[in-house]
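Below is one structure, written out as C-alpha cells; comments come after it.
Read-outs throughout are calculated quantities, based only on the coordinates presented, and are distinct from any laboratory measurement. Given the structure is predicted, the values throughout are model-derived calculations rather than measurements. Neighbour counts run over all protein chains shown; Cβ positions are idealised from the backbone, glycine included.
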Amino acid sequence: TQLLEQSPQFLSIQEGENLTVYCNSSSVFSSLQWYRQEPGEGPVLLVTVVTGGEVKKLKRLTFQFGDARKDSSLHITAAQPGDTGLYLCAGTSGGYQKVTFGTGTKLQVIP
Amino acid sequence: SQTIHQWPATLVQPVGSPLSLECTVEGTSNPNLYWYRQAAGRGLQLLFYSVGIGQISSEVPQNLSASRPQDRQFILSSKKLLLSDSGFYLCAWIPFRAGKGEQYFGPGTRLTVT
C-alpha cells in the first residue's frame, strides 16, 4: 500500500509570512500533483511534476519534486488570505491511472 | 469543454437505508473515473476506480459498491448505510491516455447518515 504523509497537518500564519508544506513517501511515483481545496468544494489542480528534481513556480508558489520521485514540497512566499485552504498532494503510478492522495495540510492565513 | 456533475449535492439518510450517488462527465470519451471519500479537513480515501465500462477496481473493503453502466457515468451504491459512511464523496476523472495523472473533480456530495 502506497502512503503519502503530509506535514504539517495544520498551519496558521500571519499574512506576509513564508511557509513550506512537505509530502513524503517511501514509494516512487510516476508523477505528483498538488491540489487546493476550499470547504465544500472539490480539489482544484495547481501543478504536476514529473521529473526527479523538477521545480515549478506558480506566482508565489514553488513546487519541487524530490530527486528520487518519492517526495515533494510546496513553498509559499508572502502568504495571502486567499491562500487559505486544504492543500493535497497526490502521487500517481501504474501508467498514471492509480492515484494516492496525501493526508492533507490545512492552511489558514490571518490578515 | 469538459464538465463533471455529481448529484445530489447533499443527502441525509437513516442507517440501514440504500444509497445511490451519480457522477457523469461531459465532453470527453473513455475517461478513467474515481470515487473518493473525505473526512472533514483530511485527505481523500480512494474507494473505487474504473478504466472502462463494467471495469471496477475496489480499493477498500466495505459495504459500498460501484458500477459504470455507460462510458461517462459512474455510480456509487450501498444496500444498507452505516453511520461510518457519512462523509464528503467526490467523483473525479482523468483523460484517456492523456496528461500525467491530473484529476478533475466534481462538486461533491455531502452524505450524513443518521
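Of the strands (runs of 3 or more DSSP E) lying entirely inside chain B, those containing at least 3 residues that are β-branched (Val, Ile, Thr) are B:109-113.
For the range A:25-44, taking the residues that are under 10 Å from the mean Cα position of the chain (by Cα) and not basic (Lys, Arg), the one that is surrounded by the most Cβ atoms within 10 Å (Cβ to Cβ) is identified as A:LEU32.
Assuming B:ALA39 fulfils every condition listed in (1) touching a residue at least 40 places away in the same chain (Cβ under 8 Å); (2) surrounded by 14 or more Cβ atoms within 10 Å (Cβ to Cβ); (3) not β-branched (Val, Ile, Thr) apart from one, which condition is it? Of everything listed in (1) touching a residue at least 40 places away in the same chain (Cβ under 8 Å); (2) surrounded by 14 or more Cβ atoms within 10 Å (Cβ to Cβ); (3) not β-branched (Val, Ile, Thr), B:ALA39 misses just condition (2).
Answer with yes or no whether B:LEU33 is under 11 Å from the mean Cα position of the chain (by Cα) and buried (at least 22 other Cβ atoms within 10 Å of the Cβ).
yes
Residues that are closer than 22 Å to A:PRO39 by Cα and among the small types (Gly, Ala, Ser) do occur in the range B:96-108.
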